[in-house]
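Undergrad: This is the structure I have questions about; it appears just below.
The values are calculated or read from the model by the stated rules, or taken from the named source; none is laboratory data. Quantities reported herein were computed from a predicted structural model and do not represent experimental measurements. Positions of Cβ are backbone-derived with ideal geometry, glycine not excepted, and every protein chain shown enters the neighbour counts. Please note that ligands, DNA and RNA were not included when accessible areas were found on the heavy atoms of the full protein model with its side chains. Shrake-Rupley method; radii C 1.70, N 1.55, O 1.52, S 1.80 Å.
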Amino acid sequence: YPHPRCSRPTPHTPPSAAMSAPAPTPLRFGPACLCCLPPTAWWDPEQAALASKEGPRREAPKLLNTFTKTKVPFVPLDGNRVGWYICGPTVYDSAHMGHARNYVNFDVLRRVMQDYFRYDVRFIMNVTDIDDKIVMRAHLRRSEAVLAAAGRVSGDSSGKAAVEAASAPVTAILASGEKKLGEQEAATRTLAAAVAAAGSSELAGSVDWTIQNAYLELAHGFEAEFMEDMRLLGVAKPDMLTRVSEYIEKIVTYIQTIVGKGFAYESNGSVYFDVPTFEGSDNHKYAKLNKAALDDVELAMDGEGALAADASEKKDEHDFVLWKASKPGEPAWGSPWGMGRPGWHIECSAMCSDVLGEAVDINGGGIDLNFPHHENQLAQSEAHYDVKQWVNYFIHSGHLHIDGLKMSKSLKNFITIRAALTMYSARQIRFLFLLHQWSDPMDLTPVQEGEVVTGFQQMEQAVAMEKVFAEFFHSVKGALRATPGGYTVGQEQTWGAGERVLSEAVDAGRAAVHAAMLDNINTPGVVKSLKELVGAVNVYLAKTAAADIRPLLVNSAAQFITTILATLGVAETSGGVGFGEIGGDADGGSGGGASAEEAMAPVLDLITKFRDQIRALARGGADARELMAACDELRDNGLPELGVKLDDREGGALWKLYSPDELKREMAREAEAKAKKEEEVRKKKEETARKVAEKEAAAKVPPSEMFKVGESEGVYSAYDDEGVPTHTKGGEEVAKTQRKKLIKLHGAQKKEHDKFLAKCATEGVAAMAVGV
């Protein structure tokens with residue numbers, strides 16, 4: 001139909017028939033006015049509808065959701081924003097390779113969701129710094145330190161005997177393995193007093209030791225170590241870090257809300273979650289993550305901690321603790337139910353809710369947290385908000401096994417991250433995890449020399465894979481070195497058959513990577529696809545003469561591979577091609593400077609060029625002069641371009657490093673000073689030469705004629721037989737003093753003239769008369 005402002009009839013319709021013509025069929029897209037239509041359709045209606053569809057066009061990944069045990073499409077709660085909480089470490093000991101796998105896996109997932117799928121992720125991680133293991137470890141350290149000090153006590157027998165007597169109860173408690181922290185603290189305090197009474201000042205700095213402070217000191221130390229481990233592994237820092245010790249008041253309030261809604265109760269100063277009441281509610285369901293949760297009471301109690309109270313305090317054996325009444329030797333905080341501390345599960349509920357609220361997109365952690373921790377965390381939070389669903393996606397990283405057994409501190413089969421980093425680089429460790437699907441269990445088989453672990457069998461594949469990409473980047477950089485950035489105006493760019501084959505391989509590689517990303521972020525599939533693309537580029541480079549390579553295409557392929565590897569955290573996105581450096585500051589705090597390879601490339605190029613030059617000279621039979629000239633060329637022109645100044649000196653040259661611009665300015669100043677000095681030397685030589693020439697010219701004059709020519713010409717009127725003046729121009733007799741001077745000059749000239757005559761006689765040259 002014509003639009004309101006268009007009075008023109010429909011094209012090809014006679015004016016007289018315009019009003020009587022049947023109405024055309026309405027169009028599904030484009031302008032409704034036929035006179036304004038383009039001559040051909042832009043897209044068909046179905047394509048046009050898709051093109052104009054609002055919202056994200058890219059497919060969402062399918063993630064393995066523990067709720068369903070299947071891969072389900074990821075759909076954020078709020079547009080493109082994603083609230084993501086991950087359970088962090090309990091900081092009572094050094095982190096091991098099991099932790100490394102878990103946190104590297106989640107680092108990769110986060111990077112892919114942010115950098116590949118472009119979600120706006122808010123990534124929260126907690127640190128559990130109040131826990132039974134931390135409390136017990138703090139007491140153990142204290143008791144061991146005091147026992148060690150007691151063992152070093154010397155002096156009178158009475159003081160030493162008192163120390164030995166006080167040591168016995170502490171030693172007995174530690175040997176028993178019983179968790180009587182109050183007795184242990186009291187006995188250790190008595191022993192510390194005995195050590196001080198015996199004259200030792202070794203424990204003076206910790207005389208006021210209390211568990212209320214000591215637990216946090218220990219936790220802070222291991223938290224700092226853990227965060228440094230993550231930095232060394234290239235794991236990016238979270239957007240927010242929550243600590244239990246900083247959330248006590250909010251945890252208490254959170255528990256009060258659950259109690260107020262009838263889903264928790266107080267017993268002997270502790271508070272327990274009422275599982276049967278929650279399970280019986282119409283709006284709630286327990287055992288969402290683990291259907292057998294209600295059948296495994298023993299595993300459920302594992303989450304209560306080593307210092308759990310008697311189970312008789314609970315109404316039902318499935319109930320779990322939210323607030324623990326503190327016993328002697330345990331840290332404590334005030335609450336409506338008395339002095340106590342938070343249970344393990346409630347910590348994450350309160351901290352995650354404080355940041356992300358009553359609806360969370362993703363909650364993650366190791367598969368060992370699935371039950372009871374995450375099951376209970378979910379129940380608490382849904383009870384607190386009285387909602388049916390608090391988390392939409394629970395994703396769990398698979399176990400890391402050592403020879404078939406889960407790696408854990410309790411089994412004492414763990415290898416610390418620091419120890420692993422002495423054997424392998426952070427990139428190699430990350431490749432190890434990338435080659436295994438993050439949600440699957442993974443085995444490590446140690447390689448040992450005696451009792452010492454020197455490596456892992458599975459690392460051979462990771463190291464080999466790293467080498468594949470490293471060699472690829474070297475080949476590409478070599479091919480692109482003649483055309484930095486992939487372009488020079490003199491480089492032919494037209495594609496031939498080889499380029500079209502490579503282009504198809506790039507397209508196939510991109511498609512395969514994308515398919516693997518969509519499929520539960522399948523990192524082994526991604527790496528495999530990248531390796532296949534590497535092979536295609538290598539084939540192209542091998543078959544194509546260097547002058548015929550199309551650098552733009554090669555650079556495009558290498559850039560894509562670099563970008564995806566950077567998304568996986570094994571390369572650095574610095575705008576170039578290659579690995580760069582990781583682990584120094586994974587989240588970019590280093591300022592994005594050039595990698596070591598980029599920094600060294602000009603130096604290596606110069607060394608290679610110089611070596612080739614020297615080899616060519618040597619093969620051509622060059623003498624020492626030519627070889628020295630090549631060395632001087634390197635010193636004077638090659639190295640200064642890199643900011644290197646070489647000073648020749650006895651015992652070996654001294655190199656000095658400057659910025660290239662600074663060195664250029666200094667060399668310009670030195671060149672100017674050198675030129676000035678050379679000019680002064682030249683003038684001095686010229687002056688000397690002039691004087692020598694004048695002296696030689698004067699020596700040619702016979703003594704008898706010397707006062708008759710030159711400056712003396714016309715000054716005198718009469719001379720004696722030797723040619724010495726006797727009278728002046730005016731006829732006056734020359735004064736006696738003046739005549740003596742003239743006679744002396746005459747004698748000097750005679751000597752010089754005699755030398756001149758002798759030289760002429762030696763050289764066989766006839767002396768020329770003056771004036772001729």
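Undergrad: Using 1/(1 + (r/R0)^6) with R0 = 51 angstrom and r between the beta carbons of Lys315 and Arg418, what's the FRET efficiency to the nearest 0.05?
TA: 0.65
Undergrad: Convert each backbone phi in the range 530-546 into a coupling constant with the Karplus relation 6.51 cos²θ - 1.76 cosθ + 1.60 (shift: θ = phi - 60°), then list the ³J(HN,Hα) values in order as whole Hz, x for Gly and Pro.
TA: For the range 530-546, the Karplus-derived couplings read 5, 5, 5, 5, 4, x, 5, 5, 4, 4, 4, 5, 5, 8, 10, 4, 3 Hz, x marking Gly and Pro.
Undergrad: Considering the values [x] 36.4, 129; [y] 45.8, 152; [z] 43.7, 171, which represents Rg and Dmax of the Cα atoms in Å as calculated for the structure under consideration?
TA: [y]
Undergrad: Where does each of Asp78, Asp403, Asp632 land when they are ordered by accessible area, with a 1.4 Å probe and the largest first?
TA: The ordering from most to least exposed comes out as Asp403, Asp78, Asp632.
Undergrad: Short version: ³J(HN,Hα) in whole Hz for each residue of the range 517-527, in order, from phi by Karplus 6.51 cos²θ - 1.76 cosθ + 1.60 (θ = phi - 60°), x for Gly and Pro, what are they?
TA: Each residue of the range 517-527 in turn: 4, 5, 8, 6, 6, 7, 5, x, x, 5, 5 Hz.
Undergrad: Do you know the relative contact order of the range 616-772, to the nearest whole percent, from alpha carbon pairs under 8 angstrom that are 6+ apart?
TA: With pairs under 8 Å counted, the relative contact order is 13 percent.
Undergrad: Do any trypsin sites (Lys or Arg not before Pro) in the range 243-321 lie in a loop, going by DSSP, with at most 16 other beta-carbon atoms within 10 Å of their beta carbon, and if so which?
TA: For trypsin sites (Lys or Arg not before Pro) across the range 243-321 that sit outside H, G, I, E and B with at most 16 neighbouring Cβ atoms in 10 Å, the list reads Lys261, Lys285, Lys291, Lys315.
Undergrad: Something else: Find how many whole Å separate the alpha carbon centroid of the range 263-285 from the alpha carbon centroid of the range 638-710.
TA: Between the Cα centre of the range 638-710 and that of the range 263-285, the gap is 98 Å.
Undergrad: Under a 5 Å amide H to amide H cut-off, with H placed in plane at 1.01 Å, what residues pair with Phe414 once short-range neighbours are removed?
TA: Excluding prolines and chain starts, which carry no amide H, the hits are Ser408.
Undergrad: Further question: With each run of n ≥ 4 DSSP H residues scored as -39500 (n - 2.57), what mean residue ellipticity at 222 nm is computed for the chain after dividing by its residue count and rounding to the nearest 500 deg cm²/dmol?
TA: -15000 deg cm²/dmol
Undergrad: A follow-up question, please. Let me check against my output: what whole-number percent is the relative contact order of the range 190-341, with C-alpha pairs under 8 Å and at least 6 apart?
TA: Reported relative contact order: 23 percent.
Undergrad: Along the range 385-392, what does the Karplus equation 6.51 cos²θ - 1.76 cosθ + 1.60 (θ = phi - 60°) give for ³J(HN,Hα), rounded to whole Hz, x for Gly and Pro?
TA: 8, 6, 10, 7, 9, 9, 10, 8
Undergrad: Which lysines does Lys645 reach when only Cα atoms under 28 Å apart count, and residues fewer than 8 places away in its own chain are ignored?
TA: Here the lysines satisfying the reach criterion relative to Lys645 are Lys477, Lys609, Lys656, Lys664, Lys674, Lys676, Lys677.
Undergrad: Here's something else I'd like to know. In the structure displayed, which of Lys700/Lys741; Lys685/Lys740; Lys708/Lys729 lie more than 23 Å apart, Cα to Cα?
TA: Beyond 23 Å: Lys685/Lys740.
Undergrad: Keeping every protein chain present and rolling a 1.4 Å probe, give me the accessible area per residue for the chain in Å².
TA: 53 Å²
Undergrad: Looking only at Cα atoms, what is the convex hull volume of the range 101-259 per residue, in Å³?
TA: Convex hull of Cα atoms, per residue: 160 Å³.
Undergrad: Out of the total accessible area of the range 524-578 (probe 1.4 Å, heavy atoms of protein only), what percent is carbon and sulfur?
TA: 56 percent
Undergrad: Let me ask another. Can you give me the orientation-averaged projected area of the convex hull built on the Cα atoms of the range 630-772, in nm²?
TA: It is 16.4 nm².
Undergrad: Could I ask something else about it? Among Asn363, Val476, Leu289, whose Cα projects farthest towards the positive end of the dipole of the chain, with charges put on the beta-carbon of Lys, Arg (+1) and Asp, Glu (-1)?
TA: Val476
Undergrad: Could you work out the relative contact order of the chain? I mean the mean sequence separation of Cα pairs under 8 Å and 6+ apart, divided by the number of residues, in percent.
TA: Relative contact order of the chain: 11 percent.
Undergrad: Under the rule of at least 5 residues apart or a separate chain, name every residue whose amide H is placed under 5 Å from the amide H of Phe320.
TA: Long-range HN contacts for Phe320: Phe273, Val275.
Undergrad: In addition: Quick check: at a probe of 1.4 Å, how many percent of the accessible area of the range 146-276 sits on carbon and sulfur atoms?
TA: Roughly 54 percent, rounded to a whole number.
Undergrad: Given H placed on each backbone N at 1.01 Å, which residues far from Ser270 in sequence or on other chains put an amide H within less than 5 Å of it?
TA: Ala325
Undergrad: Considering only DSSP states other than H, G, I, E and B, which trypsin sites (Lys or Arg not before Pro) in the range 674-772 qualify as loop sites with at most 12 other Cβ atoms within 10 Å?
TA: Passing both the DSSP loop test and the Cβ count: Lys729.
Undergrad: To continue, here is another question. Given a 1.4 angstrom probe, I'd like the percentage of the accessible area of the range 343-480 that is carbon and sulfur, rounded to a whole number.
TA: For the range 343-480, the apolar C and S fraction of the accessible surface comes to 50 percent.
Undergrad: What is the dipole size for the chain, taken about its Cα centre, with +1 at each Lys and Arg Cβ and -1 at each Asp and Glu Cβ, in debye to the nearest 20?
TA: So the magnitude is around 2920 debye.
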